[in-house]
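The values are calculated or read from the model by the stated rules, or taken from the named source; none is laboratory data. Keep in mind the model is a prediction, meaning the values are calculated, not measured. Every residue, glycine as well, gets a Cβ built from its backbone with ideal geometry; the counts of neighbours run over all protein chains shown. Ligands, DNA and RNA are stripped out before the accessible areas are found, and what is left, the full protein with its side chains, is counted by its heavy atoms. Shrake-Rupley method; radii C 1.70, N 1.55, O 1.52, S 1.80 Å.
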Amino acid sequence: MSVTDTLSRVSRFVSKYFVVWVVLASGAALANPAPFVPVLNYVTPLLGLIMLGMGLTLQPADFGRLVDRPVDVGIGAVTQWIVMPLVAYGLYLALDLPEAVGLGLVLVGAAPGGTASNVMTYLGRGDVALSVAITTLTTLAAPVVMPAWTLFVLGEGVDVTFAEMFVSIVQIVIVPVVLGFAVRYLLDRRAPRAAAVGVDVFPVVSVAAIVAIVAGVVGANVENILTAGALVILAVVVHNGIGLGAGFAVGRAAGMSDDRARTCAFEVGLQNSGLAVALATSLFSPAAALIPALFSVWHNVSGPALASYFTWRDDAAPSADDAVAAD
């Protein structure tokens, strides 16, 4: 077996059981937080590494899809931009969450789609090309959308300016993504084997980085988790569930095919919670990073569950040949 094949297998194994690593690390951080808390000092570079990996997965054709499929891409992006922040704010008020925790919920709601939405779209037999296009658009728009929503919703309660958030998101997201895209573009033309290895290796790096970030946030918030745990978990589960349901419903209402409606469900409901964690810890407080960290855990449970449901429904549905035979 070649080195490339081995790396591919390791990458698939690590990615497949991503939620297991997150849960194990979170449990360890709850039991003994001290070793994990220092990770919070490195959240920004770790997320930059994750976004570099995302950039490596992009190719020129992915940007072409933004032009080729503007209506469905626009519907998915606008639904995410409107539904998730408003639902976050509604839950913040309805559950009477602490201000810092509510800030984290709004940050998650305003965050762009993440690579998890692309993976779940693939596993749930959605339209992967559309998923990548929506993720690309929402990621590129994040420097404007996230500060705008956060400051509009929380206003006077936020001590950070639009410009500060804009610059942070550009540094954390846009620069690494563009750099990763440029590296992939050059490697595809001059060293395609190296490009293939990079695409295999970076998912493992991304999983390790996300697991470390989540464990650090959990470790720093042990007291908050123990005191406000039930309401915080409820907020995460309801927020994510409404996003998944609204994405699918809007897609169907807009006349999309079933595979594209599934894509909208994953794009709206699964956020780049790592970006919200990075912003919360670098610009606000560890408490603000609590919900984004828990969202990272939960959406890697709900996403695979929904993808499995879609595939089960497809497999259980009678085929055209079966219908003809029955007649």
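When the residues of the stretch 139-179 are filtered to those that are of a type outside the set (A, V, I, L, M, F, W, C) and not in a helix (DSSP H, G or I), which remaining residue is surrounded by the most Cβ atoms within 10 Å (Cβ to Cβ)? Give the derivation first.
In the first step, residues of the stretch 139-179 are kept if they are of a type outside the set (A, V, I, L, M, F, W, C); the result is 139, 143, 147, 150, 155-157, 159, 161, 164, 168, 171, 176.
Pick out the ones that are also not in a helix (DSSP H, G or I) and you get 159, 161.
Numbers: ASP159: 8, THR161: 11.
Going through the qualifying residues, I end up with THR161.
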Quiz prompt | Residue count for the stretch 236-265, restricted to those that are open to solvent by 10 Å² or more (accessible area, probe 1.4 Å), assigned to a helix (DSSP H, G or I) and not basic (Lys, Arg) | solution = 13
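Given the criterion of a type outside the set (Ser, Thr, Tyr), open to solvent by 30 Å² or more (accessible area, probe 1.4 Å) and within 23 Å of TYR122 (Cα to Cα), identify the matching residue among VAL22, VAL73, VAL78, VAL37. Before you say what the answer is, go through the steps one by one.
Working: VAL22 fails: open to solvent by 30 Å² or more (accessible area, probe 1.4 Å); VAL73 fails: open to solvent by 30 Å² or more (accessible area, probe 1.4 Å); VAL37 fails: within 23 Å of TYR122 (Cα to Cα).
None of the others qualify; the one that does is VAL78.
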Exercise. Output the number of the condition that VAL222 fails; it satisfies all remaining conditions of (1) touching a Pro at 6+ places or on another chain (Cβ under 8 Å); (2) within 24 Å of ILE50 (Cα to Cα).
Key: (2)
Practice problem: Scan the stretch 115-138 for residues that are open to solvent by 10 Å² or more (accessible area, probe 1.4 Å) and either in contact with a Gly (Cβ under 7 Å, 6 or more places away or on another chain) or closer than 23 Å to ALA305 by Cβ (or both) and jot them down. | Solution: THR115, ALA116, ASN118, VAL119, MET120, TYR122, LEU123, ARG125, GLY126, ASP127, VAL128, VAL132
Quiz item: For the stretch 307-317, does any single residue satisfy the condition of being at pLDDT 85 or above, surrounded by 24 or more Cβ atoms within 10 Å (Cβ to Cβ), part of a helix (DSSP H, G or I) and among the hydroxyl-bearing types (Ser, Thr, Tyr)?
Solution: no
Quiz prompt | Contacts under 6 angstrom Cβ, first residue in the stretch 184-203 being under 14 Å from SER8 (Cβ atoms), partner open to solvent by less than 40 Å² (accessible area, probe 1.4 Å) and of a type in the set (Gly, Ala, Ser), 6 or more apart | solution = ASP200/SER8; ASP200/SER11; PHE202/GLY53; PRO203/SER11
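Conditions tested, residue by residue: (1) in contact with a strand residue (DSSP E or B) (Cβ under 8 Å, 6 or more places away or on another chain); (2) surrounded by fewer than 18 Cβ atoms within 10 Å (Cβ to Cβ); (3) over 30 Å from GLU99 (Cβ atoms).
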residue: PRO192; (1), (2), (3): no, yes, yes
residue: ASP200; (1), (2), (3): no, no, yes
residue: SER206; (1), (2), (3): no, no, yes
residue: ILE213; (1), (2), (3): no, no, no
residue: ALA220; (1), (2), (3): no, no, no
Quiz prompt | Selection count where residues are open to solvent by 20 Å² or more (accessible area, probe 1.4 Å) and in contact (Cβ under 8 Å) with a residue 40 or more places away in the chain, scope the stretch 222-235 | solution = 7
